[in-house]
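Read-outs: derived from the displayed coordinates by stated rules, not from any lab. Owing to the predicted nature of the structure, the values given are computational and were not obtained by experimental measurement. Note that we place each Cβ from the backbone using ideal geometry, even for glycine, and neighbour counts take in every protein chain shown.
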Amino acid sequence: MTNLIQLLSAFLGAFGFSILFNLHGRKLYFASIGGLLSYGSYLLTAQWNGSDFIPYFSAAIVATAYAEVGARMLRSPATVFLMAGIIPLVPGGSLYYTMQYAVTKQWHLFAPQGERTIIIAAALAAGIMMMSSAKRVYDGIRGHCKN
């Protein structure tokens, strides 16, 4: 039941962020589903893996792939769908606690929390970068084969 609530929250968070991006109609719902799918991928992978990197990395790959498909289907920039899809994964709480520990000079708590925040951010960036690069390579090969 808690996973269902988390997935619903991911959908609603992506939905609200999509409204801020001024999306309407099908694009609004498509972007919101991207948030649900990316967070669902995170939850699924986190059950099998104890680290932070792999679940966030795989969720970023899913979000980027979904954004690329949505961009092609709805003729919009992939960034619009990617931002909405990645919002549920952003380590806001982790970053907040990292900064709180730094400001209060609780260095014994700051170091592990800061490390976790950096790992999550790196996993998201690496997943986005890897999938975007793979899509560009695919497009290049496909374009080259047509000529």
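Please give the calculated 222 nm ellipticity per residue for the chain, where each DSSP H segment of at least 4 residues contributes -39500 (n - 2.57) and the sum is spread over every residue; nearest 500 deg cm²/dmol?
Mean residue ellipticity at 222 nm (helix-derived): -29500 deg cm²/dmol.
Based on the Cα atoms of the chain, what semi-axes does the equivalent ellipsoid have, where each is the square root of 5 times one gyration tensor eigenvalue, given in whole Å with the largest first?
Equivalent ellipsoid of the chain: 30, 19, 14 Å, largest first.
Specify which residue in the list Leu109, Met130, Val80 is farthest towards the positive end of the charge dipole of segment 1-145, using unit charges on the beta carbon of Lys, Arg (+1) and Asp, Glu (-1), about the Cα centre.
Val80
Dipole of the chain (Lys/Arg Cβ +1, Asp/Glu Cβ -1, origin at the Cα centre): which of Tyr56, His24, Asn3 lies farthest to the positive side?
His24
With no solvent and one equal point scatterer placed on each C-alpha of segment 60-105, evaluate the Debye formula and give log10 I(q)/I(0) for q = 0.22, 0.24 Å⁻¹, two decimals.
Those come out to -0.68, -0.75, one per q.
Could you pull out every one of the lysines with an alpha carbon less than 26 Å from that of Lys135, ignoring same-chain neighbours closer than 8 positions?
The qualifying lysines are Lys27, Lys146.
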